[in-house]
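One structure is given below, encoded as structure tokens.
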Amino acid sequence: MAEVVIVSRTKMKNGVCCGGVSLLTGQYIRIHDSRGRNLTEDAPYQIGEVYDMVYRKAWNARPRPHVEDCQVFSAHYLRKMSLRQLESTIEGICDVYEGDLDDVFEGCLQLENYAPYIDQGDVPQHSVCFWRPKRPLRKFQMMGKTRYSYNGNNISFVGFQPPLSYIPAGTLVRLSLANWWAKDSYSGKKCYLQISGWYNS
């Protein structure tokens, strides 16, 4: 068993995606049920909660960058961290990028005005990371979705927390990469950048 803190809860077309970090090793975990299926909306995991978990890499785990998929066989609630405690914990066990988007995801991110992405020619080791931007991110709506603009780049917000009108510079932010997707049969597949949430008390 290992203690895992929940660091994200995001929206999916059907259900929710909950991400955690092992407090012992710093391993990133995307929680699936014991059969390797995505979580349903009634999944209990909330940001800041710590669970004693038995898990292993999912039988249907995807290739890089989405290497975090884990089947969870049992999860016992232990305690709840404050946002300040969670922020401090993340900084203590995870790598945190600081600066502009050029630096995140091992420099693999391609920047464009519509949305930053990675392509199949340059794939990072993980599909999640933590980041402290050096400029604020400003909220706007496009195509019925909440997005944030950063230095001319538009990033979708997929979390459940109430969106801020702007995310101040220096805030600890969790970034994630969406599943591989191609807009048509002539385009190569890409993983687009998303904001999963942020940690500020």
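What follows draws every value from the coordinates through simple rules; no lab data is involved. Predicted, not measured: the structure shown is a model, and the values here were computed from it.
Just the projected area, averaged over all directions, of the convex hull on the alpha carbon atoms of the stretch 111-172: how many nm²?
On the way: hull surface 20.0 nm².
Averaging across all directions leaves 5.0 nm² for the Cα convex hull.
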Next item on the list: Just list whichever of LYS57/LYS134; LYS57/LYS80; LYS13/LYS134; LYS134/LYS189; LYS139/LYS189; LYS11/LYS145 have alpha carbons separated by over 23 Å in the model shown.
Entry: LYS57/LYS134; LYS57/LYS80; LYS13/LYS134; LYS134/LYS189; LYS139/LYS189
Next item on the list: From zero up to wherever the largest Cα-Cα distance of the stretch 91-201 sits, split into 10 Å bins and tell me the percent of pairs in each.
Entry: 14, 50, 31, 5, 0
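From the C-alpha gyration tensor of the chain, pull out the three semi-axes of the equivalent ellipsoid (sqrt of 5λ each), sorted largest to smallest, in whole Å. Could the numbers behind the result be given before it?
Details: eigenvalues 131, 84, 49 Å².
Semi-axes from the Cα gyration tensor: 26, 20, 16 Å.
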Margin query: Give the aspartates and glutamates whose C-alpha is closer than 20 Å to that of LYS183, dropping any in the same chain fewer than 8 places away, or say none.
Written below: GLU112, ASP119, ASP122
Notebook entry, point to check: Mind checking the angle between helix 83-93 and the chain's longest principal axis? C-alpha axes, 0 to 90 degrees, to the nearest 10.
Noted result: 90
